[in-house]
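To start, the structure under review is shown below, and the notes come after it.
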Amino acid sequence: MDIFDAIHRRRAVRRYLPRPVAREDIYRILDAANWAPSAMNLQQWEFLVVTGKKIREMGESFHAIVGGYAREGASPPGGEEFLRFARTYGGAPAVIVVLTDAADAPNMQRANLESASAAMENLLLAATALGLGTCWMTGPLQDERSLRTILDIPAEKEIVAVTPLGYPDEAPPPRPRHDPDLGRKVRWVE
Ligand SMILES: Cc1cc2nc3c(=O)[nH]c(=O)nc-3n(C[C@H](O)[C@H](O)[C@H](O)COP(=O)(O)O)c2cc1C
């Protein structure tokens, strides 16, 4: 698939088929992530491939966060549907967690986060090119302590984002762009 097609076809997918994803496809996707640019060429990212009962444990943690919004009266986006998504990560057979190096200096924090985010976007686009769905998620980080315990993530690593990975069981429509003609978002400077 052409890179521009992948960019335009990628969607946040929140419902997945139970069909497993071949390990070689997961490696292909993570190889694409590993080819992202990085500040000072540190390649400061790592990937956890989570499957099985660990997804359920992560889901319990995220479900509790989302359920908390509901109890406070601010219904979660998508209501019951979103609660279901939260509990099972949409039924995805795998969840990828992207980590980077923890840093004290703000400039390094930024460099690490930006580099790992570049890897994350490569991951999403490579998955799209293979017909797989993803959803960039930072909501689950609201219960970071649980995530660290469930996945045994040491303090030297920062959690950047999480995405389910699987064959989509929905075809979400494109979310309209705020300025599709780029009249306001682009300024040419000479
Ligand atoms: C930094 C970041 C954090 C996000 N966190 C969540 C999340 O916690 N839960 C979720 O369902 N979607 C999350 N999303 C997905 C966005 O909601 C989605 O990308 C947006 O609505 C546009 O839809 P599209 O990706 O299909 O174009 C996140 C996206 C980004 C880039």
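The values are calculated or read from the model by the stated rules, or taken from the named source; none is laboratory data. None of the values given here were measured: they were computed from a predicted structure. Note that we place each Cβ from the backbone using ideal geometry, even for glycine, and neighbour counts take in every protein chain shown.
So the values come out like this:
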quantity	calculated
Qualifying residue in the stretch 168-183 (condition: buried (at least 16 other Cβ atoms within 10 Å of the Cβ) and either small (G, A, S) or not in a helix (DSSP H, G or I) (or both))	yes
Leading residue by the ranking (surrounded by the fewest Cβ atoms within 10 Å (Cβ to Cβ)) among those in the stretch 4-37 that are within 16 Å of the ligand (Cβ to nearest atom) and of a type in the set (V, I, T)	I7
Residue that is at pLDDT 95 or above, in contact with a Phe, Trp or Tyr (Cβ under 7 Å, 6 or more places away or on another chain), within 26 Å of S146 (Cβ to Cβ) and not charged (D, E, K, R), where the choices are V98, V66	V98
Neighbours by Cβ (under 8 Å, 6+ apart or cross-chain): first from the stretch 169-190, closer than 14 Å to G133 by Cβ and in contact (Cβ under 8 Å) with a residue 60 or more places away in the chain; second aliphatic (A, V, I, L, M) and surrounded by 10 or more Cβ atoms within 10 Å (Cβ to Cβ)	D169/L17; E170/V13; P172/A12; P172/V13
For F82: the one exception among (1) modelled with pLDDT of 90 or more; (2) under 17 Å from the mean Cα position of the chain (by Cα)	(1)
Among the residues listed as T138, T134, the single one being β-branched (V, I, T), within 15 Å of the ligand (Cβ to nearest atom) and free of Cβ contacts under 8 Å to residues at least 60 places away in the same chain	T138
Filter result (in contact (Cβ under 8 Å) with a residue 12 or more places away in the chain and at positive phi) within the stretch 2-57	M40, Q43
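For every residue, the table says whether it meets (1) touching a strand residue (DSSP E or B) at 6+ places or on another chain (Cβ under 9 Å); (2) among the hydroxyl-bearing types (S, T, Y); (3) farther than 28 Å from R23 by Cβ; (4) surrounded by 16 or more Cβ atoms within 10 Å (Cβ to Cβ).
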residue: T51; (1), (2), (3), (4): yes, yes, no, no
residue: G67; (1), (2), (3), (4): no, no, yes, no
residue: E72; (1), (2), (3), (4): no, no, yes, no
residue: Y89; (1), (2), (3), (4): yes, yes, no, yes
residue: A92; (1), (2), (3), (4): yes, no, no, yes
residue: D101; (1), (2), (3), (4): yes, no, no, yes
residue: A118; (1), (2), (3), (4): yes, no, no, yes
residue: L130; (1), (2), (3), (4): no, no, no, yes
